[in-house]
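Quick one: this structure, given as structure tokens, is what I'll be asking you about.
The values are calculated or read from the model by the stated rules, or taken from the named source; none is laboratory data. Small disclaimer: the values here were computed from a predicted structure and weren't measured. Heads up, the Cβs are rebuilt from the backbone with ideal geometry, glycines too, and the neighbour counts pull from every protein chain shown. The accessibility values were calculated without ligands, DNA or RNA, using every heavy atom of the protein model including side chains. Shrake-Rupley method; radii C 1.70, N 1.55, O 1.52, S 1.80 Å.
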Amino acid sequence: MPDQPETKPSLDVAGREASLPPFQFKRQGRSLKLLTALGLWAVALILCSQVLQVTTWIVLILALPLLPGLWDLWRNPLSGLTIGTDQISWFTGARVTTLPLADIALLRLDRRWDFSFRATLILHDGAKLRLPQSALPPAQTFEMALNARGIASERHHFTVV
């Protein structure tokens, strides 16, 4: 299952977007990126222990970051996001959240120091909902899908807090 969003806007005679089809994005926890990262980390640990002769307890401590990745590789949790005509919903594993589009005032995209984006939905009442990272589609595609539905967005690059 690819990590690609599925959306194709239809145009009416005047060239405007007619009724927008649902925007859908799904992602699996098991991926080639995860497998590659786990493999490289394991090879680095083996090199540390064999070539550099790092003590066993230090190698074991450095192996701890492998555990969440191995857990995701084994469980293969699904996550995704759907934007319909009147609501947005996202899921990670068994957790599902749905929100009417009419409640959303703004999409805020913050560029993080690892070059990923953090997406926050700011509601009309001032509340903020942060979307889980695993359910986020590519930032530009997500921003365009919400802008097409009349929701404004703003980007903030490399904020400290």
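Just need a number here: residues in segment 88-123 that are part of a strand (DSSP E or B), open to solvent by 80 Å² or more (accessible area, probe 1.4 Å) and in contact with a strand residue (DSSP E or B) (Cβ under 8 Å, 6 or more places away or on another chain).
1
Follow-up question, since we're still on this one. Tell me which residues, restricted to segment 96-142, are under 14 Å from Phe23 (Cα atoms) and under 13 Å from the mean Cα position of the chain (by Cα).
Ala135, Leu136, Pro137, Pro138, Ala139, Gln140, Thr141, Phe142
Now for a different question. Give segment 49-79 a look and list any residue that's surrounded by 12 or more Cβ atoms within 10 Å (Cβ to Cβ) and on the phi > 0 side of the Ramachandran plot, or say none.
none
Restricting to segment 18-64, name every residue that is over 21 Å from Pro137 (Cβ atoms), modelled with pLDDT under 90 and part of a loop (DSSP other than H, G, I, E, B).
Ala18, Val51, Leu52, Gln53, Val54, Thr55, listed by residue number.
Any idea which of (1) of a type in the set (Gly, Ala, Ser); (2) on the phi > 0 side of the Ramachandran plot; (3) surrounded by 15 or more Cβ atoms within 10 Å (Cβ to Cβ) is the one Ser134 doesn't satisfy?
Failing condition for Ser134: (2).
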